[in-house]
Amino acid sequence: MTDTITLTGLVATTPRHLVTSEGLPITSFRLASTQRRYDRAAQKWIDGETNWYTITAFRHLAVNVVGSVAKGQRVVVTGRLRLRDWNNGERAGMTVEVDADALGHDLAWGTAVFTRSVSSSLAHDDELPSDRAAFGDVDESDAGGSGAVVVTHSGSGSGSGSGSGSDDELSAAPSKRPAEAALPF
C-alpha cells in the first residue's frame, strides 16, 4: 500500500541536485511545515509544532525543481510518504521522507510565472500530448527558444477565435481571452 500525502511549508534548505552514475537526476531538500491557528483571545496567529520532511524529486521533476525552487519559498508537495528508522550508535530517530509526484509554489502566499518545459523525448509534434485539441493551439515558435509554450484558445465563442490578437485586444474583449481556467498545466 502506498500512502500519499500533500504538504505545504517552507523550503528550509537549498535544493541539492545530483545525477547518479546511471544518469538519474535527483533533487532533494528539507521542508518545514508549521501549522498555525488564530487565538481569538490574544487576537493573533500562534505557531504550532514544526514538522520536518525530506522531499526528494526524481527525473524531469528533479530538473524542474532545482531550476524553480529556492530556500525560503513556500511550496505545496504531493507524494508518497516513507518513514525510515535510523540509528548511528549514539542516537536513534525516524526520518520522514516524501517522494514527490508534484511540487509547486504555494500561490496563497505569492504569485508565480509558469514556463512549460518540453523534454527532448516530446520534441516532435506527433508526440506532444493531446492538449492541442482540447485546450487550444500550442505555438512554440513564439517562445523565443526559452522553452515556454504559448497556448491560445481557438474554440467557439463570440470572439474571432484566431488567437492572434494583441494583449490589448485580449484584455478589452473577454470573449477573446485564452481559456485559462481549462488549461491542464
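Rule-based calculations on the coordinates, nothing more; no lab input. Computed from a predicted model, the values in this text were never measured in an experiment. Glycine also receives a Cβ, built like all others from the backbone with ideal geometry; neighbour counts cover every protein chain displayed.
What ratio of Cα Rg to 2.2 N^0.38 Å holds for the stretch 4-105? Don't skip to the end; give the middle numbers.
Values: Rg = 15.7 Å, N = 102, 2.2 N^0.38 = 12.8 Å.
So the stretch 4-105 has a normalised radius of gyration of 1.23.
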Along each principal axis of its Cα atoms, how long is the stretch 2-44 end to end? Whole angstroms, biggest number first, please.
57, 28, 7
From Cα pairs below 8 angstrom and at least 6 apart in sequence, can you work out the relative contact order of the stretch 4-105, rounded to a whole percent?
31 percent
Within-12-Å neighbourhood charge of Q35 [Cβ basis; K, R +1; D, E -1]:
0
Once amide H atoms are built 1.01 Å from N in the peptide plane, which residues 5 or more positions from D106, or in another chain, come under 5 Å H to H?
R74, V75, V76
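Using per-residue counts of other Cβ atoms within 10 Å, averaged over each peptide, order 48-58, 82-92 from highest down. Each step should come with its number before you reach the end.
On the way: 48-58: 16.5, 82-92: 8.3.
Descending packing order for the listed peptides: 48-58, 82-92.
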